[in-house]
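Participant: The structure under discussion is supplied below as structure tokens; questions concerning it will follow.
The values are calculated or read from the model by the stated rules, or taken from the named source; none is laboratory data. Note that the structure is a prediction, hence the values are computed from the model and not measured. Cβ placement follows ideal geometry from the backbone for every residue including glycine, while neighbour counts extend to all protein chains displayed.
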Amino acid sequence: MTAPILNPIDLPAGEIAVRGAFDLAAAARRLVQHGSAGPGAVRLAFPVEGPWVHAGALIRQSCPGMVEVEVIAPVEVAARVVGQVRRMFSLDVDAASFLEVATRDPIARRLMARHPGVRPVLFSSPYEAACWAVLTQGRPVAQAERCRQRLVGRYGRVIEHEGVRLASFPVPQALAGLTEEPGLGRFRLARLRAVARAAVEGRLEAEELRALPIAEALARLRAIPGIGAFSAEQILQNGAGHPDLFPRLDTRLHRFLHEQYSLPPDSPVQNLEELAGEWRPYRSWVAHLWRVDQEASVEGARW
């Protein structure tokens, strides 16, 4: 744990142009456990992908078409921090034509009407998403969250800005060599080390994963020990931020689609994927809206 990285006078900043509707306040509600939200602003702390240093960011939406990012990190990584914030809030995707999906599909239209301006809010990186996948495998979310908080407390870093202290998730170098950790167990610890090593080696970079064909990106993720097919989908969708992935293994989403489209419960996934073709090129986004809609009435898991 450390004191602030920089003094306020040193802080770099950046701007992100918003294409399409975006509601920072709605995004902030999904970050309540992993950030700090105040009137018109969101604060985050996270490891910077690539150089793997800790950073903080203060995010404000100055107008519908612009988001401002104040960076709490050395100036040499400022551009990376702004880019990472851009991806975390799905502002790297042009949403100008997202509303066109509503004209093609009544389910998407209803979800968009209920949650205007909502975009997927991602993990800080595929690395952190993969760590969460390991922590949640075969255990309740609350237990996994307690384990995550212990890792953050022992191996993360506190970023302080304007009297607000936020804890950043550990960088992969800090987890790659772990030999023992209470509450993890031997197999889970080995999987966490494997994820951390993959991040250090550059095998979990968001831009590269998104540039690959979906099947190839999923195969690369499944090659990491402990990452199965379901986790790979979630990492690509909620860590790398692929906007157009249909979750073939999300059975909760499938049950919803069976009900909404009046399909037999044993309809194959292929039929559901064909129906979701109307959501292109935002299949991940519509699936995210469904999840937001479910969580609005039922306390659910992080993904």
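Participant: Just for helices (runs of 4 or more DSSP H) wholly inside segment 67-119: which have at least 3 residues that are among the charged types (D, E, K, R) and more than 12 Å from Ala57 (Cα to Cα)?
Facilitator: Here the list reads 106-114.
Participant: So in segment 112-140, with the set limited to residues that are outside the structural domain of Glu208 (by TED's automatic domain parsing) and surrounded by fewer than 23 Cβ atoms within 10 Å (Cβ to Cβ), which one is farthest from Gln173 (Cα to Cα)?
Facilitator: In this case the residue turns out to be Ala113.
Participant: Something else about it: Search segment 187-206 for residues that are farther than 23 Å from Arg139 by Cβ and pair each with any residue that is in a helix (DSSP H, G or I) when their beta-carbon atoms are under 7 Å apart and the residues are at least 6 apart or on different chains.
Facilitator: What qualifies is Val200/Pro172; Val200/Gln173; Val200/Ala176; Arg203/Arg220; Ala206/Arg87; Ala206/Pro126.
Participant: Now for a different question. Taking Arg165, is it in a strand (DSSP E or B) and either of a type in the set (Val, Ile, Thr) or within 26 Å of Arg86 (Cβ to Cβ) (or both)?
Facilitator: Against the criterion (in a strand (DSSP E or B) and either of a type in the set (Val, Ile, Thr) or within 26 Å of Arg86 (Cβ to Cβ) (or both)), Arg165 qualifies.
Participant: Go through the residues of segment 282-302 one by one and say whether even a single one is part of a helix (DSSP H, G or I), of a type in the set (Ser, Thr, Tyr) and closer than 25 Å to Phe187 by Cβ.
Facilitator: No: segment 282-302 contains no residue that is part of a helix (DSSP H, G or I), of a type in the set (Ser, Thr, Tyr) and closer than 25 Å to Phe187 by Cβ.
Participant: Any residue at all in segment 162-176 that's in contact (Cβ under 8 Å) with a residue 24 or more places away in the chain, of a type in the set (Asp, Glu) and closer than 17 Å to Gln137 by Cα? Spell out the reasoning first.
Facilitator: Applying the first criterion (in contact (Cβ under 8 Å) with a residue 24 or more places away in the chain) to segment 162-176 yields 162, 164, 166-173, 175-176.
Adding the requirement that they be of a type in the set (Asp, Glu) leaves 162.
So of that shortlist, the ones also closer than 17 Å to Gln137 by Cα come out as none.
Within segment 162-176, none of the residues are in contact (Cβ under 8 Å) with a residue 24 or more places away in the chain, of a type in the set (Asp, Glu) and closer than 17 Å to Gln137 by Cα.
Participant: So the check is Cβ under 7 Å with 6+ separation or different chains; which pairs have a first residue in segment 91-107 that's closer than 24 Å to Tyr261 by Cα and a second one that's at pLDDT 90 or above and among the β-branched types (Val, Ile, Thr)?
Facilitator: Listed by first residue and then by second, the contacts come to Val101/Val286.
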